[in-house]
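Colleague: One structure coming up, written as structure tokens, with questions to follow.
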There are 2 protein chains.
Amino acid sequence: MNFEDILDYRQKQRYYSELCTMISPERVALFEKVVEERTDMQCVVLENIYQSQNASAVLRTCDCLGLQQVHIIENDNLYRINPDVALGSSRWLDLHRYNRKADNTSDCLASLKAKGYMIVATLPHEKNVFLNDLDVTRKLAVVFGNELNGLSEAAIEAADIYMKIPMYGFTESFNISVSAAITMQNLGTRLRESGADYRLSPQRKLDTLIKWAKRSIKRSDLVEKELMKRLFDL
Amino acid sequence: MNFEDILDYRQKQRYYSELCTMISPERVALFEKVVEERTDMQCVVLENIYQSQNASAVLRTCDCLGLQQVHIIENDNLYRINPDVALGSSRWLDLHRYNRKADNTSDCLASLKAKGYMIVATLPHEKNVFLNDLDVTRKLAVVFGNELNGLSEAAIEAADIYMKIPMYGFTESFNISVSAAITMQNLGTRLRESGADYRLSPQRKLDTLIKWAKRSIKRSDLVEKELMKRLFDL
């Protein structure tokens, strides 16, 4: 049973308070500091990334930059998180994986569009909008393609915006983890400066805190069961 | 003999024209386009980078961003360029290596200071100047330390400015190639927007073009010898 769908906000607050008694105060303080700067206004989509080291470096960057949601499309690669590179950052992100349909790209991007995101395709060779000109007051889902072939046709077709980082050298493209870092840091900095309300809603904050707390407790499934019974007779 | 120290500007122009006859017009056009956007106003210093993959990714980023000069300090690591990652970008950069003294860090940073650079140390845990607040009208040499221990004491001591990229997550630092990319892309974008004269001097441009042309010609040492004799009777 997914208790998050049953409990109301005040019940969740009570549940979270109980979980916090099992975690060090320092860690709880860290959760509450980090959650304040999390955003869903911008998210990253990785399509068929072959080198797990690159994908893991992107996850680490997303955590550092305060992005909470990462979408991972696996049309033909089995994605594995490289623990050395991700440094545990994937534990604190909402990872959404798309790997069960014939066309996982369209599945993922349609679902993001339905949530109000503009789909931004990063194409090194197309000249359209430059990174600095992207409108950060819109919800943006930025799609990064794989190292060999770039983005799929389905991703290019579904995109609302084609974006380019200005480049001046002989090398014609950045490494994927570099490209994602430059892009998301630029967008995130401008979002924070824009005055837009980029923070998570109180509801999303609380759900996120509960998730982080559960991940910090051993056998959190048993703890949850016991607490649901004791606190709410569920 | 280093002919670059002997020839005057007009002689160099003549020499470069002769070299260009041995290179495809497309390549010459590319050289001239790329050199227009090269800058010495900002440069990267890598101190004891253990993972050559990281160092090579930084070189690729520098080329993409139009930085011409990279300084590589090797106090205890033998630096090797990883050809898969650098994608040949190191051929087009001025790589300065410091590995012969007892204290290569001080050697490198003192020489940069003498050339008018402000030394910027990137320290993830210090809160001083934020990236966005660095003054891009100054010449900046940004030093990135190694993956395990960060910057050496000598580098921290020599630094004029301590810089931090804002971070909001659980992970306490970016990967080095990510950190360098975010930093140099931010500084480069602001430099280009600042109205400052960031381009190479005509003299530096011509020297750089000659260097690139020589690297594109087989047995350029013999070609040079022959041309020096024929053109200038040297």
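Colleague: Give me, ordered by chain and number, the residues 5 or more places off B:MET118 or on other chains with an amide H under 5 Å from its own placed amide H.
Modeller: When sequence neighbours closer than 5 places are left aside, the close amide H contacts are B:LYS139, B:LEU140, B:ALA141.
Colleague: Ok, one more. Can you compute 3J(HN,Hα) from phi for each residue in region A:138-147, using the Karplus curve 6.51 cos²θ - 1.76 cosθ + 1.60 with θ = phi - 60°, rounded to whole Hz and x for Gly and Pro?
Modeller: Ordered by residue, 3J(HN,Hα) equals 8, 6, 10, 10, 9, 9, 10, x, 7, 5 Hz.
Colleague: Rounded to the nearest 20 debye, what is the charge dipole size of region A:38-199 about its Cα centre when +1 sits on each Lys and Arg Cβ and -1 on each Asp and Glu Cβ? Can you show the working numbers first?
Modeller: Values: 16 positive and 19 negative charges, 103 e Å.
Its charge dipole is roughly 500 debye.
Colleague: For B:SER24, place a label point 7 Å out from Cα along the Cα→Cβ vector, do the same in each other copy, and report the separations in nm, one decimal, smallest first.
Modeller: Relative to the other copies, B:SER24 has label-point distances of 6.0 nm.
Colleague: Now for a separate question. Taking 1 over the mean of 1/r across every pair of different Cα atoms in chain A, what Kirkwood radius in Å do you get? Show your work: numbers first, answer last.
Modeller: Working: mean 1/r = 0.0527 Å⁻¹.
Over chain A, the inverse of the mean reciprocal pair distance is 19.0 Å.
Colleague: Another question, then. What residues have an amide H closer than 5 Å to that of A:ARG38, excluding those fewer than 5 places away on the same chain, when H is modeled at 1.01 Å from N in the peptide plane?
Modeller: Placed amide hydrogens put A:LEU200 under 5 Å from A:ARG38.
Colleague: Where the label is 7 Å out from Cα toward Cβ, how close does B:ALA110 come to the same position in every other copy, in nm, shortest first?
Modeller: Label point to label point, same position, other copies: 6.8 nm.
Colleague: Sequence neighbours fewer than 8 away in the same chain don't count; with that in mind, list the lysines whose C-alpha is under 29 Å from A:LYS225.
Modeller: A:LYS12, A:LYS33, A:LYS205, A:LYS211, A:LYS214
Colleague: Then there is this: State the antiparallel share, in %, of DSSP beta bridges confined to chain A, rounding to the nearest 5. Show your work: numbers first, answer last.
Modeller: Details: 2 of 26 bridges.
Percent antiparallel among DSSP bridges in chain A is about 10.
Colleague: For a quick check: with amide H placed at 1.01 Å from N, whose amide H comes under 5 Å from A:HIS96's, ignoring anything fewer than 5 positions away on the same chain?
Modeller: So A:HIS96 has HN proximity to A:VAL70, A:HIS71, A:ILE72.
Colleague: What is the local net charge at A:ARG199, summed over the other residues whose Cβ is closer than 12 Å to its Cβ (Lys, Arg +1; Asp, Glu -1)? The partial results should precede the final answer.
Modeller: On the way: positive: A:ARG38, A:ARG192, A:ARG204, A:LYS205; negative: A:GLU36, A:GLU37, A:ASP40, A:ASP197.
It works out to a net charge of 0.
Colleague: Continuing with this model, one more query. Give the lysines reachable from B:LYS101 as a straight Cα distance under 24 Å; neighbours fewer than 8 places away on the same chain don't count.
Modeller: B:LYS113, B:LYS115
Colleague: Now a separate question. Given points 7 Å out from each Cα along the Cα-Cβ axis, report the A:ARG230 to A:GLN13 separation in nanometres with one decimal.
Modeller: Distance between label points: 2.1 nm.
Colleague: Further, regarding this structure: Let me have the relative contact order for chain A, percent, based on Cα pairs under 8 Å that are six or more residues apart. Can you show the working numbers first?
Modeller: Working: 345 pairs, mean separation 60.0, N = 234.
So the answer I get is 26 percent.
Colleague: If you put a point 7 Å past Cα along the Cβ direction, how far is that point for A:GLN203 from the same point in each other copy, in nm, smallest first?
Modeller: Nearest first, the other copies' label points are 6.7 nm away.
Colleague: Taking the protein assembly as shown as the region of interest, what is the percent of Cα-Cα pairs per 20 angstrom bin, listed from the shortest bin to the one with the maximum distance?
Modeller: Bin by bin from 0 Å, the calculated values are 22, 50, 23, 5, 1.
Colleague: Cross-link partners among aspartates and glutamates for A:LYS139, C-alpha distance below 13 Å, same-chain residues fewer than 8 apart left out?
Modeller: Reachable aspartates and glutamates: A:ASP40, A:ASP160, A:ASP197.
Just so you know, all these numbers are worked out from the coordinates, no wet-lab data involved. All values derive from a computational prediction rather than experimental measurement. FYI the Cβ positions are ideal-geometry reconstructions off the backbone, even for glycines, and counts take in every protein chain you see.
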